[in-house]
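Have a look at this one before I ask anything.
Derivation of every value follows stated rules applied to the coordinates shown; laboratory data play no part. On a predicted model such as this, the values are computed, not experimentally measured, just so you know. Backbone-built Cβ (ideal geometry, glycine too); neighbour counts: all protein chains shown.
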Amino acid sequence: MRHRTNAWKPLALAVVAALALLAAGCAKKAVKTPPEPPPAPPAQTQAPPTPKEPEQPPTPPPAPTPEMTASDLQPVFFDFDSYTLRDDARSTLDADARMLREHPLSKITIEGHCDERGTVEYNQALGERRAQAVHDYLVQAGIPEARLQVISYGKERPFDNGHDEAAWAKNRRAHFALQ
């Protein structure tokens, strides 16, 4: 005869495993408690607040520089058959350079002009050299080259239509136009 003592072992083992699973699933989860806040700093005696000075209104921005016009720049004049800058031309160009520095966004065209004497070709080349002499002076005075353009009109655009030395002296010039 067989003993029945071995029959209960698998059943007992299954019951124990089921109870273990049940116990593991029902275990209480640990509740995390928030950390305690740090202790308050010791009370200090505070001086009464000092009265604030009334706030100053903000300083307004500087007034915008008025736009520059072509008449703000003075032309320079040359001797007959010359593109050399005279002393009076240098003084005028110094003032013109100051004006251009005060208006850093302004771009100009330097126009070279001549009197009516001489051929069209000769006066065209002479006007170019006069405008270039002014251009070079302004660049040396600190005006960026990108703001300057050179053109020659030779004798095509006289300032004074007269046919004497007084008219011719006015026409031998470098004149400025705003771009």
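Of Y137, Y153, how do they rank once you tally other Cβ atoms within 10 Å and put the fewest first?
On the way: Y137 20, Y153 17.
Ranking Y137, Y153 by Cβ neighbours within 10 Å, fewest first, gives Y153, Y137.
I'd like the projected area of segment 68-179, averaged over all directions, using the convex hull of its alpha carbons. Report it in nm² with one decimal. Let's see the in-between values first.
Values: hull surface 25.1 nm².
Approximately 6.3 nm², given one-decimal rounding.
Can you put T119, T92, T59 in order, fewest other beta carbons within 10 Å first? Don't jump to the answer; show the numbers that get you there.
Details: T119 10, T92 19, T59 6.
Ranked by crowding around the Cβ, least crowded first: T59, T119, T92.
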